[in-house]
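The values are calculated or read from the model by the stated rules, or taken from the named source; none is laboratory data. All values reported here derive from a predicted model rather than from experimental measurement. Neighbour counts run over all protein chains shown; Cβ positions are idealised from the backbone, glycine included. Ligands, DNA and RNA are excluded from the accessible area calculation, which covers all protein heavy atoms including side chains. Shrake-Rupley method; radii C 1.70, N 1.55, O 1.52, S 1.80 Å.
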Amino acid sequence: MPLNRRQMLGTTALTGAAVLTAASGGTATAAAAAGTASAAAGRSPSSATSRRPNPLFPPLQAGAGDLLALPAGFTYEVVAVSGETDIHDGTGAIIGKTPERPDGTACVRSGRHLRLIQNHEGSPGAAFPVPFVNGTVHDPGVLGGGCTVIETDRDGKRESERVGLSGTYSNCAGGPTPWGSWLTCEETEAKAGTGTLQKDHGYVFEVFADLPAKQSPLPIMAWGRAPHEAVVVEPSRRRVYLTEDASNPTGLLYRWSAPDGYRLKPYIAQSLKPDDGTLEALAVLTGDGSVLPDLAYVTAAQIGRPFRTTWVNVPDRTASSTSLRKQFAVGAVTHSKKLEGAWGNDEGLYFVASFAFGTADLPANATKHDGQLWYYDYSEQTLTLVAYFPYNEVLHQETPGWEDQLGPSLDLAFDGPDGCHVSPYGSLVLTEDGNTANHLLSWTQDTGAQAIARNLIVLEQSDAGGNVYSEMTGPTFAPDGSVLFGNVQEPGHVFAIRGPWRRYLR
């Protein structure tokens with residue numbers, strides 16, 4: 001994302017990742033995504049369950065030289081490193097190195113192998129951009145972001161990596177389709193003529209776990225042009241939900257509804273005209289029927305309360321002269337700081353608001369927070385806060401030795417939830433883009449948030465002289481739940497984490 005928490009604090013003022021796990025043959029006819037409403041954490045928040053809670057994960061531990069801290073019984077393996085591991089053009093010819101800033105990631109099955117479709121949040125001038133390959137290029141004027149396809153064996157051991165999409169800008173998060181492809185989102189509103197750009201940006205693209213010749217580097221224009229973060233396709237294939245990470249003003253949650261007689265299918269961009277369907281923005285209603293101006297007004301005291309919602313039509317989805325979020329009268333829709341990762345199940349979708357504490361982005365009389373996890377129910381059309389991360393000043397310090405100073409809070413207090421993934425077990429995996437420690441987190445209604453990995457790669461030193469660790473991104477399970485993949489965005493590492501996942505997430 002353009003502005004993270006650390007940069008925001010430095011100017012007095014995170015990137016998200018939603019990921020896909022699907023059983024697939026690596027083609028457009030791949031099977032439906034894994035992760036259903038049958039597991040407790042994947043149900044609607046109002047659903048009751050009588051099963052016993054899962055055991056808690058053991059504390060995180062690490063040895064000298066480790067890149068991740070993990071619970072006892074879990075191990076990791078490095079799958080890719082930005083600027084170091086090779087990337088090829090689809091024929092096996094090496095054309096460069098793994099691109100920088102790995103973010104939202106999909107995992108699909110291909111025979112006895114796994115394929116990761118991985119976003120790279122690069123921009124023009126990237127040190128390690130996604131290389132141009134025929135059949136994958138959207139805009140030849142931007143050598144920066146896009147997607148790669150990493151092939152591994154069924155245990156997550158690296159075999160190769162190739163280009164899936166190139167010529168795009170700041171590919172942050174995304175989401176699954178019911179047929180197993182990956183939807184990657186550009187987190188930008190940059191227009192043609194800006195720098196070297198030859199085309200407008202701010203679109204969603206569909207990427208397949210396949211060779212360049214089977215890719216489709218066309219924008220899905222019907223879904224609007226905005227700094228998109230994540231996308232969720234409703235199981236009906238008639239509606240799509242999109243989060244927006246933006247400021248001045250803050251972002252919105254959008255819903256696209258298909259025209260009569262249409263259901264989404266592979267190669268979306270070819271089958272939809274730019275003005276097909278209806279694009280709307282979310283308005284959350286308070287008890288008296290008025291519109292809630294901002295999600296930050298809701299606090300931990302309202303966890304579990306379903307808010308009624310309505311949807312308001314977007315006047316100009318092309319954002320030809322005015323950004324989507326600026327096309328509404330004050331008080332007509334509900335804004336939020338840092339709408340990031342999202343992931344759906346059969347009944348609804350989870351999404352996160354990473355934080356809201358800066359003066360410019362926190363509305364009057366609202367409460368500072370370090371993260372919210374929301375659930376939208378498709379049939380009831382209600383929005384419910386299911387987890388809340390209170391603002392914690394201790395987590396906003398980066399003085400020397402802060403790791404020891406945090407003490408027990410190091411792996412118990414969290415801030416900046418960003419990516420969101422529903423595992424094959426139904427539990428959620430969240431990534432943390434906080435101001436001190438950054439984790440992979442497991443979340444269920446039974447246990448709340450638990451640390452299941454912590455980044456140990458020191459990126460740089462803060463102005464105060466403390467260690468700075470990059471965010472974690474792109475959590476995605478193999479379809480059978482045996483391997484969890486996750487990334488450290490900078491300097492750019494992709495990990496395969498193995499262990500007794502079924503014991504703790506069953």
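Things to note:
- Coordinate range along principal axes, alpha carbons of the chain, Å, largest first: 59, 53, 49
- Three-way shape label, segment 401-484, alpha-carbon gyration tensor, a/c 1.5: prolate
- Stokes-Einstein D for segment 52-170, Kirkwood Rh over Cα pairs, 20 °C, 1.002 mPa s (µm²/s): 137
- The GluC sites (Glu not before Pro) found in segment 221-282 include none that occupy coil by DSSP while having at most 12 further C-beta atoms within 10 Å.
- Loop GluC sites (Glu not before Pro), segment 416-506, which have at most 15 other Cβ atoms in a 10 Å radius of their Cβ (DSSP): none
- FRET efficiency, Thr194 to Arg52 (Cβ-Cβ, R0 60 Å, nearest 0.05): 0.60
- Loop-located GluC sites (Glu not before Pro) in segment 83-179 whose Cβ has at most 13 other Cβ within 10 Å (DSSP): Glu84
- Listed by chain and number, the lysines placed with their C-alpha closer than 29 angstrom to that of Lys191 are Lys97, Lys199, Lys214, Lys265, Lys273, Lys326, Lys337, Lys338; residues fewer than eight positions away on the same chain are left out.
- Given a 1.4 Å probe and the protein chains as shown, Ile87 ends up with an accessible area of around 0 Å².
- Legend: residues Phe351, Phe128, sorted from most to least accessible area (1.4 Å probe; ligands, DNA and RNA excluded), read Phe128, Phe351.
- Convex hull volume per residue in cubic angstrom - Cα atoms of segment 216-323: 136
- Estimated purely from DSSP H runs of n ≥ 4, each contributing -39500 (n - 2.57), the mean residue ellipticity at 222 nm for the chain is -1000 deg cm²/dmol once divided by its residues.
- For the set Asp415, Asp89, the ranking by accessible area, highest first and with no ligand, DNA or RNA atoms included, is Asp89, Asp415 under a 1.4 Å probe.
- Cα shape, segment 147-266, gyration tensor, a/c 1.5 rule: oblate
- Over segment 274-365, the hull volume per residue, using the convex hull of the C-alpha atoms, is 145 Å³.
- Solvent-accessible ranking of Arg305, Arg115, Arg52, Arg109, largest area first, probe 1.4 Å: Arg52, Arg305, Arg109, Arg115
- Extent of segment 305-461 along its three principal axes (Cα atoms, max minus min coordinate, largest first): 51, 37, 30 Å.
- Pair Val330, Asp260: separation of 7 Å Cα→Cβ label points (nm): 4.0
- Charged-residue dipole, Cβ positions (Lys, Arg, Asp, Glu), the chain about Cα centre, Debye nearest 20: 1340
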